[in-house]
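Data block below; observations after.
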Amino acid sequence: SQQGEEDPQALSIQEGENATMNCSYKTSINNLQWYRQNSGRGLVHLILIRSNEREKHSGRLRVTLDTSKKSSSLLITASRAADTASYFCATDPTSGSRLTFGEGTQLTVNP
Amino acid sequence: KAGVTQTPRYLIKTRGQQVTLSCSPISGHRSVSWYQQTPGQGLQFLFEYFSETQRNKGNFPGRFSGRQFSNSRSEMNVSTLELGDSALYLCASSPGQGAIQPQHFGDGTRLSIL
């Protein structure tokens, strides 16, 4: 079974709006990573946040991590049509050594 | 620097056949992981190879196997193909072993079983 669960499963917004995606997980982690996947392509790494970090920024991306609630959020500000993709969170559990992916959020940004 | 290269991009096979997929990691990366992606099950971890040794294995039957060569290139083999093996098979590489570093993915091999 998947370690992470993204919410919502699908999100449709207008260009210029902000998009927020959430991820919940079940076990203790070393880090949590977010990836983007365009249709028919491989995954692209966006950002990694370690378990002792609470917030991280990269360009228009902001990731937060709450280890007490076992949850993370990815915020994309001022979205663009090119941001249309599936977004996955992946956890590196302390009990194992491999990334475990959630089921993803399909983001559609309408021009 | 060239990215992760997977060949072939598309493959059509029939039930009972076997297939070999290839992955060339980013130069200098020694870890290669394989994933199966399907609409129903999402991304499922198959196995990880580091320095020619399998370091980690997911919950897949023995029909799924792999290997890694001294130049870090990896191959994945699936024998006695079943309809349920239809999926996008993704390979990812990283400099070191495990999940502490970002994974760099190829564009995958789309395998269709008829």
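The values are calculated or read from the model by the stated rules, or taken from the named source; none is laboratory data. All of these numbers come straight from a predicted model, not from anything done at the bench. Cβ sites come from the backbone with ideal geometry, for glycine too, and all protein chains shown count toward neighbours. Note: accessible area is taken over every heavy atom of the protein model, side chains too, but ligands, DNA and RNA are not part of it. Shrake-Rupley method; radii C 1.70, N 1.55, O 1.52, S 1.80 Å.
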Out of all the residues in region B:98-114, which are part of a loop (DSSP other than H, G, I, E, B), among the polar types (S, T, N, Q) and more than 7 Å from every other protein chain (Cβ to nearest Cβ)?
B:101
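Residue by residue, here is whether (1) in contact (Cβ under 8 Å) with a residue 24 or more places away in the chain; (2) within 15 Å of the chain's Cα centre (by Cα) holds:
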{"site": "A:5", "(1), (2)": "yes, yes"}
{"site": "A:10", "(1), (2)": "yes, yes"}
{"site": "A:26", "(1), (2)": "yes, no"}
{"site": "A:30", "(1), (2)": "yes, no"}
{"site": "A:48", "(1), (2)": "no, yes"}
{"site": "A:70", "(1), (2)": "yes, yes"}
{"site": "A:77", "(1), (2)": "yes, yes"}
{"site": "A:84", "(1), (2)": "yes, yes"}
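Being of a type in the set (Gly, Ala, Ser) and farther than 15 Å from residue A:37 by Cα is the filter here, so list the residues in region A:69-98 that pass it. Steps first, please.
As a first pass, look at region A:69-98 and keep what is of a type in the set (Gly, Ala, Ser): A:71-73, A:78-79, A:81-82, A:85-86, A:90, A:95-97.
Listed by number, the residues that qualify are A:71, A:72, A:73, A:78, A:79, A:95, A:96, A:97.
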Selection count, region A:88-111, where residues are among the small types (Gly, Ala, Ser) and in a strand (DSSP E or B)
1
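Residue by residue, here is whether (1) open to solvent by 50 Å² or more (accessible area, probe 1.4 Å); (2) touching a residue at least 40 places away in the same chain (Cβ under 8 Å); (3) within 14 Å of the chain's Cα centre (by Cα) holds:
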{"position": "B:33", "(1), (2), (3)": "no, yes, yes"}
{"position": "B:43", "(1), (2), (3)": "no, yes, yes"}
{"position": "B:67", "(1), (2), (3)": "yes, no, yes"}
{"position": "B:96", "(1), (2), (3)": "no, yes, no"}
{"position": "B:106", "(1), (2), (3)": "no, yes, yes"}
Flag for residue B:22 being over 21 Å from residue B:84 (Cβ atoms), among the hydroxyl-bearing types (Ser, Thr, Tyr) and touching a residue at least 12 places away in the same chain (Cβ under 8 Å):
yes
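Take residue A:59 and tell me if it is among the small types (Gly, Ala, Ser) and within 9 Å of chain B (Cβ to nearest Cβ). First the steps, then the outcome.
On the way: among the small types (Gly, Ala, Ser): yes; within 9 Å of chain B (Cβ to nearest Cβ): no.
So residue A:59 fails the test.
Going through B:53, B:38 one at a time, which residue ends up being of a type in the set (Ser, Thr, Tyr), closer than 22 Å to residue B:8 by Cβ, more than 10 Å from every other protein chain (Cβ to nearest Cβ) and surrounded by fewer than 21 Cβ atoms within 10 Å (Cβ to Cβ)?
Working: B:53 fails: closer than 22 Å to residue B:8 by Cβ.
So the residue among B:53, B:38 that is of a type in the set (Ser, Thr, Tyr), closer than 22 Å to residue B:8 by Cβ, more than 10 Å from every other protein chain (Cβ to nearest Cβ) and surrounded by fewer than 21 Cβ atoms within 10 Å (Cβ to Cβ) is B:38.
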Looking across region A:87-103 at residues that are buried (at least 18 other Cβ atoms within 10 Å of the Cβ) and hydroxyl-bearing (Ser, Thr, Tyr), the single one that is nearest to the chain's Cα centre (by Cα) is A:87
With respect to residue B:22, is the statement that it is over 25 Å from residue A:49 (Cα atoms), open to solvent by less than 30 Å² (accessible area, probe 1.4 Å) and at pLDDT 95 or above true?
yes
Name every residue in region A:26-40 that is open to solvent by 40 Å² or more (accessible area, probe 1.4 Å), assigned to a strand (DSSP E or B) and within 30 Å of residue B:8 (Cα to Cα), in order of residue number.
A:36
Hey, can you tell me all the residues within region A:77-99 that are more than 21 Å from residue A:40 (Cβ to Cβ), more than 14 Å from chain B (Cβ to nearest Cβ) and of a type outside the set (Ser, Thr, Tyr)?
A:78
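Filter region A:41-56 for residues that are farther than 17 Å from residue A:72 by Cβ and open to solvent by 40 Å² or more (accessible area, probe 1.4 Å); which is farthest from the other protein chains (Cβ to nearest Cβ)?
Restricting to residues being farther than 17 Å from residue A:72 by Cβ and open to solvent by 40 Å² or more (accessible area, probe 1.4 Å), the top hit is A:44.
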